[in-house]
Structures are given as C-alpha cells and as structure tokens.
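First comes the structure, then the notes that go with it.
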Amino acid sequence: MKDIKKIDKTLLILTIIYSIFGLMMILSASSASTILRYHVSSNHFFLRQLIVLIASYIAGFIVLIIPTRKYKGISYLGIMGILFLLILVLVKGEITNNAQSWFEIGPFNLQPSEFAKTVLILFTAVFYHNLTYANKKNLSLYFIPLCIDLIMAFLIAKQPDWGSAAILIAISGLTFFSVPMIRKNIGKVMKIGFVGIILVGTVLIFKGGDIFSSEKLSRFNFQNPCTRYKEDTGYQVCNGLIAISNGGLFGTGLGQSTQKYMYLPESHTDFIFPIICEELGALVGVVVILGYGLMLARMFKIAKSADNLRTSLIAYGAFWYFALHILVNLLGVLALIPLTGVPLPFLSYGGSYTLNAILMIFCVERVAIENKKNRFNREMAKI
C-alpha cells in the first residue's frame, strides 16, 4: 500500500473532481426526463451513477496494486472474452435507441463495446512489448492487434455503434504507429497498409449496401442543424446549441435549464455539456475543457516517462482513449462533426463507460507508480 503515495496526485484529484461534478450535473440534467419520460424518481440516474462510481473506485484501487507485468494473462483472456460478448450481444442483446449494444444485468446494463476499448489498449501494450522484448523482426506479427481491432470494430459497427467503432480503430492505429519497430519500417508498413485499404475498399463496394444506406449517410448531414429542426439529423443538436446560447457567459443557474424538459432527450448522457453551459455558463464550459486538457497533459507526461514499451503504450493508449472521447463528443454536440453518441468522460451518465474510464485512469496511475519505483531503484544503484 505504500506504493499508493507514488501516484500522480493531480490526475487523481482531477478525476475525483470531475466524478463529483458529473454526479451533480447528472442529477440536474435528468431531473425532468426521469419523471416525464422514464416515470421514475428524479434522483434515479443520480443514484445509479453513484453506485457505479463507488464500485469503479473500489475496482480501481485493486488495479492500482497489480503490477503491469501481470497484465499479459488478463489482457489475453480479456480479448477472447470481449470477442465472445460482441458476437453474443448481436444475438441476445437488448435493443435501445435502434442499437443492439447492451445486456441487461439486473437493474444495470453491460455494454461490451466500452470494455473492448480498455481490453484492446492493455492487449496491444502487452503484445507489442513482448514482440519488442523478443526482438521479433517479422513485420506481419505487428499487424495482429490491428486485425483483432478490425474484427471488433466490425462487430461493434453491426450493432450499430459507429462512434465506438471509429474510436476503437483510431486508438489501435495511433498505438500501432507509436511502436519503434513500425516507425523504423514505415515504408514497408505503408505498402502493406495500401494493399489492405484496397481489399477493404473492394469489400465495401460489393458488400457495403447496408453501410452506405440513405439512413446511415444522413448522419453526415451535420452542418446547420437548426435548419433541420423537425428532422432527426438536426433536432437534438440544434437544441444543444440553443442550450449553450441560453446560458450565455454565466448561465441561468444550477437546475434552471429549460432544454432538459424533453427538448434534449439525452441531456444526462451525450448532451451533458450543453446543459452545463446553459446552467453554469460558457465560462464554466471553458474551465471544463481546460481541466480535460490538464488531465491529458498528466497522462502524456506519464507516458513519456515510462521505462518500457508496455507501460508507455498503456499510458499513451489511455491518453488517446480520453482525448478521442472528449473531441468526438464536444465536436459532435457543437455540430462540427457528425453526432455519434459518444459520452463525455466522467460527466455523462453511463455505467459501462464510467467503469472503464476510471479503470483506465488507475492503469495510468499504476504506470506512474512503476515509473517512480524504477527511477528510485536506478538512483539507488548509482550509490
């Protein structure tokens, strides 16, 4: 337990602050829809999120005492388990908002696509570390995590959950190009990648009727949402922009949002940021973004200080995991990119995502502990 003193305190404090702030905003944002839409008590989602947070922090502190060298067995079993669940959810999963992405477990829902991101980061870090440590020169071996990622992304896209599928591919790709062996052989890698793109493109041309259906292509019609207020492609995003406009610089006051009264059906999940801006003002919205920036900077610093490829890729993977969720959510609700339904870290309601986000933070904290322990051991060896 003495190792806990070596954690990155700034990162942990920020995570706790955002978790508490998220709880407060979930209570405020959902207080109307719980009664009007879901016909439950006004604190329904607040209590569920509180339970998930408590369980997540308990699990996180358990992760904190597990050395990253033991992640091999965990990540390999995790990959097999997630692939099984992603197939099973397409057969047995619950359908909500036209997506078959969840299993009902008592009062809670389990979303395998969120766990897929966490497991993939750990598996990729362990796999590339082992290849590098064994000095493997066969480039084809380095494509194995990418192939697994594409299979997982395909299964997630079939639900359909295009936001999670895109983030999964992005995390895997960015991690892939962070591996020293790949950077040294970038020319060969690009040739193999070009062949892969041609193959994927050919498959899409002949089998992509469902992917390129008019319903799915309509998602790319994201600009000027208020001109399509009565259409699905504009209604929700436009109401999010109205919420931000209503708040001005200083907000209408905590709990005083008007847009949460059924104008924004997902006000406590994907659209939590517009409610924050409406009730607390654009200045608080800017502070939230700056806080995220500081959180990402701490993760990046931990990644750069890592002593081996495994711990480095775990921290870099977490960095991209959070950076992509933040960017995709904020740019989507601001009508700068297509809306994908991606939650905002620690602020949006969601059990599976919250659990995984906090576990990733504690994985990074474990890397921070090992960085400091290894640095101390090196200094002692010099004496």
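The values are calculated or read from the model by the stated rules, or taken from the named source; none is laboratory data. Values in this document were obtained by computation on a predicted structure and should not be read as measured data. Cβ coordinates were reconstructed from backbone atoms using ideal geometry, including for glycine residues, and neighbour counts include every protein chain displayed. Please note that ligands, DNA and RNA were not included when accessible areas were found on the heavy atoms of the full protein model with its side chains. Shrake-Rupley method; radii C 1.70, N 1.55, O 1.52, S 1.80 Å.
Residues that are free of Cβ contacts under 8 Å to residues at least 60 places away in the same chain, open to solvent by 60 Å² or more (accessible area, probe 1.4 Å) and either of a type outside the set (Phe, Trp, Tyr) or at positive phi (or both) within region 289-300 comprise 289, 290, listed in sequence order.
Which helices (runs of 4 or more DSSP H) does region 271-343 wholly contain that include 3 or more residues that are within 23 Å of residue 122 (Cβ to Cβ)?
Numbers: elements: 272-280, 282-304, 309-333.
Where helices (runs of 4 or more DSSP H) fall fully within region 271-343 and carry at least 3 residues being within 23 Å of residue 122 (Cβ to Cβ), they are 282-304, 309-333.
Taking the stated definitions as given, is residue 93 modelled with pLDDT under 95, surrounded by 18 or more Cβ atoms within 10 Å (Cβ to Cβ), in contact with a helix residue (DSSP H, G or I) (Cβ under 9 Å, 6 or more places away or on another chain) and farther than 28 Å from residue 236 by Cβ? Against the criterion (modelled with pLDDT under 95, surrounded by 18 or more Cβ atoms within 10 Å (Cβ to Cβ), in contact with a helix residue (DSSP H, G or I) (Cβ under 9 Å, 6 or more places away or on another chain) and farther than 28 Å from residue 236 by Cβ), residue 93 does not qualify. Of the residues making up region 339-376, those that are open to solvent by 30 Å² or more (accessible area, probe 1.4 Å) and closer than 20 Å to residue 113 by Cα number 6. Taking the conditions (1) within 13 Å of the chain's Cα centre (by Cα); (2) open to solvent by 50 Å² or more (accessible area, probe 1.4 Å) in turn, residue 286 satisfies each one other than (1).
For region 345-357, state whether one or more residues are free of Cβ contacts under 8 Å to residues at least 12 places away in the same chain and closer than 25 Å to residue 99 by Cα. Within region 345-357 (the criterion being free of Cβ contacts under 8 Å to residues at least 12 places away in the same chain and closer than 25 Å to residue 99 by Cα), the answer is no, since none of the residues qualifies.
When you look at residue 169, is it assigned to a helix (DSSP H, G or I), modelled with pLDDT of 90 or more and open to solvent by 50 Å² or more (accessible area, probe 1.4 Å), yes or no? Considered against the rule, which asks whether it is assigned to a helix (DSSP H, G or I), modelled with pLDDT of 90 or more and open to solvent by 50 Å² or more (accessible area, probe 1.4 Å), residue 169 comes out as yes. Residues of region 80-100 that are of a type in the set (Val, Ile, Thr), under 16 Å from residue 164 (Cβ atoms) and assigned to a helix (DSSP H, G or I): 82, 87, 89. The residue of region 309-335 that is farthest from the chain's Cα centre (by Cα), among those that are in contact (Cβ under 8 Å) with a residue 12 or more places away in the chain and open to solvent by 40 Å² or more (accessible area, probe 1.4 Å), is 334.
The condition of being over 21 Å from residue 343 (Cα atoms), open to solvent by less than 80 Å² (accessible area, probe 1.4 Å) and either in a strand (DSSP E or B) or modelled with pLDDT of 90 or more (or both) holds for only one of 71, 57, that being 71. Taking region 101-154 as the range and being of a type in the set (A, V, I, L, M, F, W, C) and not in a helix (DSSP H, G or I) as the test, the residues that pass are 102, 103, 105, 108, 110, 134.
Do the conditions hold for residue 117, that is, is it basic (Lys, Arg) and open to solvent by 20 Å² or more (accessible area, probe 1.4 Å)? No, not satisfied.
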